[in-house]
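Novice: I have a structure here, written as structure tokens, and I will follow up with some questions on it.
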Amino acid sequence: MWFERMLLVAGAILACIVQIAAAAPESNGDAAAPIFGYYDARTGLFAAAPTEPQLQASAPASSPITRKGTIQVEATVKIDPSIPKDATINAFVTIAVDSGASETGFQPPVKRSGDSGTVNVSLPYYFEADSASDKITVQLVLSAYQRPPYVTLIQFIALPADGATTIVKFPASL
């Protein structure tokens, strides 16, 4: 009796497998192309990602905004008395546009007088920005004799007008 029941269950399972296989579409061995997309939490549905031609059609064909001018970086540095008087104070200035298309850097000298120092550097630039609302990142890194202590200072400024000289001031302590 137990054997007959097992045979009956196995037959039922085999019949289901045959029905499922018969109902499946014919395949020529090629896997279906994947559909890339994302889950839209607002609608609760899967949304297919736009294809390359759709992206190109929706993107405006605009040329980059170009700006050239000068950014003048001025820093007054209060130097900790524990840093030796004969220690070299190093500075590194970088300016970059948000879109990452343009960046420039320079290592100006730090003029030291006792427990204070100054950095003054004019950096000419030529930026290609994606938009007039892009920001410029101005970064100043100061270090004492090639090892800590060091300080990194960052300011974000609006994209300057073409031909402008923009002054960026940093108060700093090292």
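Read-outs throughout are calculated quantities, based only on the coordinates presented, and are distinct from any laboratory measurement. For clarity, every value in this text was computed on a predicted model and none was experimentally measured. Note that we place each Cβ from the backbone using ideal geometry, even for glycine, and neighbour counts take in every protein chain shown.
Novice: For region 66-173, with only Lys/Arg (+1) and Asp/Glu (-1) charged at the beta-carbon, what is the dipole magnitude about the Cα centre, in debye rounded to 20?
Specialist: Numbers: 9 positive and 10 negative charges, 80 e Å.
My answer is approximately 380 debye.
Novice: Note down the Stokes-Einstein diffusion coefficient of region 66-173 in µm²/s, whole number, using a Kirkwood radius over alpha carbon pairs, 4 °C, and 1.567 mPa s.
Specialist: Details: Rh = 14.4 Å.
Calculated translational D: 90 µm²/s.
Novice: Each residue of region 136-141 in order: what ³J(HN,Hα) in whole Hz does its phi give by Karplus 6.51 cos²θ - 1.76 cosθ + 1.60, θ = phi - 60°, with x for Gly and Pro?
Specialist: Karplus-based 3J(HN,Hα) across region 136-141 equals 9, 9, 10, 10, 10, 10 Hz.
Novice: Separate question: Using the Karplus curve 6.51 cos²θ - 1.76 cosθ + 1.60 with θ = phi - 60°, work out ³J(HN,Hα) for each residue of region 110-124 in order, rounded to whole Hz, and write x for Gly and Pro.
Specialist: Karplus-based 3J(HN,Hα) across region 110-124 equals 9, 8, 10, 9, x, 9, 9, x, 9, 10, 9, 8, 10, 10, x Hz.
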